[in-house]
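> First the structure, which I've put down as structure tokens, then a few questions once you've had a look.
We did not get these values from a lab; they are worked out from the coordinates using the rules stated. Computed from a predicted model, the values in this text were never measured in an experiment. Ideal geometry is used to build each Cβ from the backbone, glycine not excepted, and the neighbour counts take in all protein chains shown.
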Amino acid sequence: MPRYLFESVAYKNQPSVNAFVASIRSSAFHWHYPYEVIFVLKGDLTVRVESDKIQMSSGDLLLINSRVMHSILCEDNQNLCGILQLAPSLFEDPRRPDRNYLFYLNSSMDEGLAPSCGYSRFRHELADVFLDALGEKRADLFHLRADCSAFIADLFTYAEYDVLLGNQAADSQSQQFLAILEYIRTHLQDPQLTLSLCHAFGMSNKTVYRLFKTYLGTSAKEYIDESRVYAAKQLLTDTDQTMTMIQDACGFGSEKTFYRMFQKITGQTPGKFREGQIQKQSSGEIREYLDFEPSEAKQILIRMREENGSV
């Protein structure tokens, strides 16, 4: 996944549809216009959707709504997931073009919002979608289009959802918060980042704190600490920069702060983390999207389709 806040999605399978199978390492906080469905075929991963931290395992599915910030983390790199991205235009009702939709589809944390048909129907449909995406026949592309349409129709039929009317004020505040996150990403080396952020956006500490609690359920300081550690992990993995260079590039201010914060968040010292990454690199394990065997994915999808009955 790109390490940028906004992800531009280029559709490959069909106009307005992306469907693919991948083993995911991680992604930083980002957002995009398409709705995104994550279907875990094997292993475990953690998805953070705004302020919610969601633990997913084999068979779990999650729909992330359009323009919602999220990130993905898998520590052991052993997952295999189906990713389905659907353009918002596929959800438009020409009779009510001012309407947007917020769906609730999360098998690992539904909080009483499970679809009326249960999750088996959606698992079966998603298995069909990803088998189509892995197929090599011309007909598979047309089956993919039909199966995605059936999936969307069933969202409206069985899933819980809210109807959102156009709200320019809310959109404006959301865009402002996204700009704040982008400012943080590009100014991590600033040891006085919170103060600089307040000055750059003409906000008080109290306002910044309120925005972070509203959108992410955390404080600006906690988010900055996590962002700095995330950036340090990338440098420790992808470069041979010294600890002092990484410490300065990520804005930790001192060696003591760097080691304390890194160990607090990761449970390891920076040196131990780098040693582990070097070992994984030597075995070919470190990538954002990892290699997988298509035949294995097909076998898992066929089994999941059979286990979840007919639609």
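> How far, in degrees from 0 to 90, does helix 205-215 lean away from the longest principal axis of the Cα atoms of the chain, to the nearest 10?
Roughly 20 degrees between the two axes.
> Separate question: For every other residue with a beta carbon closer than 13 angstrom to the beta carbon of Gln241, add +1 if it is Lys or Arg and -1 if Asp or Glu, then tell me the sum.
-1
> Could I ask something else about it? Using label points projected 7 Å from each Cα along Cα→Cβ, tell me how many nm separate Tyr33 and Tyr183, to one decimal.
Between Tyr33 and Tyr183, the simple spin-label model gives 2.6 nm.
> For Cα extents along the principal axes in Å, one of [x] 59, 50, 34; [y] 71, 44, 37; [z] 55, 46, 39 was computed from the structure I shared and the rest are decoys. Which label?
[x]
> Also: Under a GNM of the chain (C-alpha, springs under 10 Å), which listed residue has the highest mean-square fluctuation: Phe177, Phe258, Phe201?
Of Phe177, Phe258, Phe201, the most mobile in the Gaussian network model is Phe201.
> Continuing with this model, one more query. Choose one of His187, Gln247, Tyr259: the residue whose Cα lies farthest towards the positive end of the charge dipole of segment 168-267 (beta-carbon charges +1 Lys, Arg; -1 Asp, Glu; about the Cα centre).
Tyr259
> Relative contact order for segment 96-236 using alpha-carbon pairs under 8 Å, separation at least 6, rounded to a whole percent?
23 percent
> Continuing with this model, one more query. Looking at this model, which pairs from Lys213/Lys233; Lys53/Lys213; Lys42/Lys233; Lys206/Lys233; Lys42/Lys298; Lys206/Lys264 are more than 19 angstrom apart at the alpha-carbon?
The pairs that break the limit, which is 19 Å between Cα atoms, are Lys213/Lys233; Lys42/Lys233; Lys206/Lys233; Lys206/Lys264.
> Still on this model: Please state the charge dipole magnitude for the chain, taken about the Cα centre, from unit charges on C-beta atoms (+1 on K and R, -1 on D and E), reported in debye and rounded to the nearest 20.
Dipole of the chain, to the nearest 20 debye: 620 debye.
> Please report the relative contact order for the chain, taking Cα pairs under 8 Å with a sequence separation of at least 6, and give it as a percent rounded to a whole number.
Relative contact order comes out at 20 percent.
> Measure nothing but the geometry: give the 0 to 90° angle between the long axis through the Cα atoms of 255-266 and the longest principal axis through the Cα atoms of the chain, rounded to 10°.
Compared with the principal axis, the helix lies near 20 degrees.
> Something else: Given a cut-off of under 8 Å on Cα pairs at least six residues apart, what relative contact order in percent is computed for segment 6-120?
31 percent
> Tell me the angle of helix 220-238 to the major Cα principal axis of the chain, expressed in degrees between 0 and 90 and rounded to the nearest ten.
Orientation of helix 220-238: about 90 degrees from the principal axis.
> So if the hydrodynamic radius of segment 127-236 is defined as the Kirkwood radius over C-alpha pairs, what does Stokes-Einstein give as its diffusion coefficient at 37 °C and 0.692 mPa s, in µm² per second?
184 µm²/s
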